[in-house]
Amino acid sequence: MVYGRNIRGHDFRGMFCAVLTVNSKVVSAAIFRILGQDIAELPQVASKSCHQGKGYFQLLFSCIEKLMAFLKIRSLVLPAADEAESIWTEKFGFKKISHDQLVNYKNTCWEMMSFKGTSMLEKMVPKCRIKHQDGQADTVSDVPIQ
C-alpha cells in the first residue's frame, strides 16, 4: 500500500495512514483512502493491545472524521469483521450498507476494499464547522477553499 501499486487487480494507490502517538510511541493507526468527492474508506485500523480500551482510537477516529468533513466527504465506509461489527455500530455510529447501495458503491468505486467474512458498514460524515474569533460559525461549505 505504501508504494501505491496495482497488484492482481487490486489498486492500492491513494492510501494514507493516520497515526496517533503518545510519548513518541505509536498507540493507534488507521489506513484510509478517499475514493471520490463523496466517499472515503477506512479498510484497516489497529491499536496496540496494551492501549486498547483507553479511548485512543476514538480520538484518532474523531480526527479522521473531522478531516473528512473538512474535505466535504459525505460518507465513510469500512469492512467490519463480524466480531467487531457491534463496536462500529454502537460506539462509532456506523450502519450496515444495503446490498443495493453496496452494488452502487462498487460500480462507482471499484477499488473499494472488502475482505472475506466482513460486512460493509457506512457512516455519514457530520458537516465541519469552523469557528471564527468573533464567535461566528460557518459550515465548511460556506468557507471558500484557498
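The values are calculated or read from the model by the stated rules, or taken from the named source; none is laboratory data. Quick caveat, the model's predicted, so the values are computed rather than measured. Here the Cβ is made from the backbone with ideal geometry for all residues, glycine too, and neighbour counts use every protein chain on show.
Hey, E41 hits all of (1) surrounded by fewer than 18 Cβ atoms within 10 Å (Cβ to Cβ); (2) more than 17 Å from I87 (Cβ to Cβ); (3) at pLDDT 90 or above but one; which does it fall short on?
E41 satisfies every listed condition except (1).
Is it fair to say A30 is within 15 Å of the chain's Cα centre (by Cα), closer than 17 Å to K127 by Cα and at pLDDT 90 or above?
no
Among (1) buried (at least 17 other Cβ atoms within 10 Å of the Cβ); (2) in a loop (DSSP other than H, G, I, E, B); (3) in contact (Cβ under 8 Å) with a residue 60 or more places away in the chain, which single condition is G36 missing?
Result: G36 fails condition (1) only.
Can you name the condition, by its number, that M15 falls short on among (1) modelled with pLDDT of 90 or more; (2) surrounded by 11 or more Cβ atoms within 10 Å (Cβ to Cβ)?
The number of the failed condition is (1).
Considering region 77-113 alone, what residues qualify as being more than 17 Å from A46 (Cα to Cα), modelled with pLDDT of 85 or more and not hydroxyl-bearing (S, T, Y)?
E90, G93, F94, K95, K96, I97, D100
May I ask you to list the residues in region 46-68 that are free of Cβ contacts under 8 Å to residues at least 60 places away in the same chain, under 20 Å from R129 (Cβ atoms) and of a type outside the set (F, W, Y)?
Q58, L59, S62, C63, I64, L67, M68, listed by residue number.
Restricting attention to region 79-108, which residues are more than 12 Å from M124 (Cα to Cα) and either buried (at least 17 other Cβ atoms within 10 Å of the Cβ) or of a type in the set (F, W, Y) (or both)?
Within region 79-108, P79, A80, W88, L102, Y105 qualify.
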